[in-house]
1. Among what's in the stretch 114-133 and is more than 14 Å from the ligand (Cβ to nearest atom), of a type outside the set (Val, Ile, Thr) and in contact (Cβ under 8 Å) with a residue 40 or more places away in the chain, pick the residue that is farthest from Trp54 (Cα to Cα).
2. Might you check whether a residue that is of a type outside the set (S, T, N, Q), farther than 30 Å from Gly267 by Cβ and in contact with a Gly (Cβ under 7 Å, 6 or more places away or on another chain) occurs anywhere in the stretch 64-87?
3. Any idea how many residues of the stretch 296-330 are modelled with pLDDT of 95 or more and either basic (Lys, Arg) or not in a helix (DSSP H, G or I) (or both)?
4. Assess whether Asp167 counts as being surrounded by fewer than 16 Cβ atoms within 10 Å (Cβ to Cβ), acidic (Asp, Glu) and in contact (Cβ under 8 Å) with a residue 60 or more places away in the chain.
5. Out of the residues in the stretch 42-80 that are closer than 24 Å to Ala308 by Cβ and among the polar types (S, T, N, Q), state the one that is farthest from the chain's Cα centre (by Cα).
6. Does Arg165 qualify as being of a type in the set (D, E, K, R), within 13 Å of the ligand (Cβ to nearest atom) and farther than 25 Å from Asn243 by Cβ?
7. Select from the stretch 365-400 the residues that are under 21 Å from the mean Cα position of the chain (by Cα), more than 9 Å from the ligand (Cβ to nearest atom) and touching a residue at least 60 places away in the same chain (Cβ under 8 Å) and list them in ascending order.
8. Do the conditions hold for Asp341, that is, is it buried (at least 16 other Cβ atoms within 10 Å of the Cβ), assigned by TED's automatic domain parsing to the domain that holds Arg304, free of Cβ contacts under 8 Å to residues at least 60 places away in the same chain and within 30 Å of Ile288 (Cβ to Cβ)?
Amino acid sequence: MIQRDTVQLSEQQRLVRDSIRDICSDFDAAYWREHDENATYPEAFADSLADHGWFGALIPEEYGGAGMSTAEAVVMMEEIAAGGGGFSAAQAVHGAIYNAVPLVKYGTEEMKSELLPAVAEGDTSIQAFGLTEPNAGSDSTRITTTAEKEDGEYVINGQKIWISRVDRSDYLVLMARTTPREAVDKRTKGLSMFLVDLEAAYESDSLTLEQIEKTAGRAVHSYELWLDDLRVDESALIGEEGNGFYQMLDGLNEERLVIAAECVGLGELALEAGAEYASEREVFGRKIGANQAIQHPLAEAYARVTAAKQTVYSAADAVARDGDATAIGARANVAKYLAADAAFDAADAAVQTHGGFGIAREYDVERYLREARLTRLVPITQELVLNFVAENELDLPRSY
Ligand SMILES: Cc1cc2nc3c(=O)[nH]c(=O)nc-3n(C[C@H](O)[C@H](O)[C@H](O)COP(=O)(O)OP(=O)(O)OC[C@H]3O[C@@H](n4cnc5c(N)ncnc54)[C@H](O)[C@@H]3O)c2cc1C
């Protein structure tokens, strides 16, 4: 077993770690392999987490949740990834845990008391978040989906792409323009956040979906969405009209840290597989793990994963201590950058260690590599992280 206890955990964090490890131990490598191969959602795993109340991890206790913070969420998601499921497992449930956060912060009391206890119980899910469009990915303020107010309703028209877990969700948190980009003094203004009841949308024939065929994170489905005169009551607005982009940013640093923790877990999972194979496989009459050419890439990746983990946990501690997530913007971005690259290095070293079996499905490391590659693209690309760091930490001109 590789050494994973490289940060000191609080008692609460240890409890989270042990509970999640226990749940994950019911789902072996074959389970995850099968769901990746068949591109089927890991329903039993998600149900198990929901049944144990983990979908309410970030929901305050007064609404039936566990009232946890980022310091515990990073442990939870690292363990989910390291527990065998990798980034697929994390992606399968990440939205269910995180999409409740804008509601907690900006939802009306009615919205919160109606929905949050059901989410915490695992009876209702808000798994999907819809921002990206065919012509607005990194440059997200360029979205052209519109929401126009009409007789106490908003009429929504537009197209979204890459929206994950719509098939597993009762609600979609949707970003749309309520004021055109040309009519606002700042591009980040005029965007609004809505809670869309998906069943009602399907019934009214104003929402159509098409699944995107993809090669990484296959167990979790992503969709292209067409919204055609989708009518939602004005009470579906989350927070303030025109302020949706800022509402989205608030909480983004915490989410980025949690995703960085998922990358750390994936890196650890890959290193475990690599080290195990290196200790077993014999070539030229001795274990391949005795060769430095095998040891060094694994050890180097371990160093990078461990460093990324330190960055993630110290930033998560800072949020818990100061209660201010905005202050850790650069650290959260740096953590995501380092962790995604470290996961990739770890998975690549694990594949190389396996020789030809590195691409055989039964050894899983090829899946880890596909997933690690994906983490360099989502939820924000590595380049956009560097743009942010250059501007905010190096005092260089904004380049994007
Ligand atoms: C599996 C998966 C799941 C996803 N799930 C969701 C979801 O649930 N909800 C959702 O809203 N979105 C989702 N996304 C979308 C994701 O957030 C975007 O793919 C991501 O933000 C990048 O946008 P893009 O793909 O349009 O790339 P683009 O913005 O087109 O960028 C293309 C390339 O150009 C680079 N680039 C662009 N501008 C610059 C610049 N100024 N400087 C340097 N480099 C630059 C980028 O880094 C990238 O390498 C998902 C994507 C994937 C792949």
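1. Step one: filter the stretch 114-133 for residues more than 14 Å from the ligand (Cβ to nearest atom), giving 114-124.
In the following step, the residues that additionally are of a type outside the set (Val, Ile, Thr) were identified as 114-118, 120-123.
Adding the requirement that they be in contact (Cβ under 8 Å) with a residue 40 or more places away in the chain leaves 115-117, 120-122.
Numbers: Leu115: 16, Leu116: 13, Pro117: 12, Ala120: 7, Glu121: 9, Gly122: 8 Å.
Across the stretch 114-133, the extreme among qualifying residues is Leu115.
2. Scanning the stretch 64-87, I find at least one residue that is of a type outside the set (S, T, N, Q), farther than 30 Å from Gly267 by Cβ and in contact with a Gly (Cβ under 7 Å, 6 or more places away or on another chain), so the answer is yes.
3. Counting residues in the stretch 296-330 that are modelled with pLDDT of 95 or more and either basic (Lys, Arg) or not in a helix (DSSP H, G or I) (or both) gives 2.
4. For Asp167, the condition - surrounded by fewer than 16 Cβ atoms within 10 Å (Cβ to Cβ), acidic (Asp, Glu) and in contact (Cβ under 8 Å) with a residue 60 or more places away in the chain - is met.
5. Ser69
6. yes
7. Val365, Arg367, Tyr368, Leu369, Arg370, Glu371, Ala372, Arg373, Thr375
8. Yes, satisfied.
The values are calculated or read from the model by the stated rules, or taken from the named source; none is laboratory data. Note that the structure is predicted; figures quoted are calculated from it, not measured. Note that each Cβ is placed from the backbone with ideal geometry, even for glycine, and that neighbours are counted across all protein chains shown.
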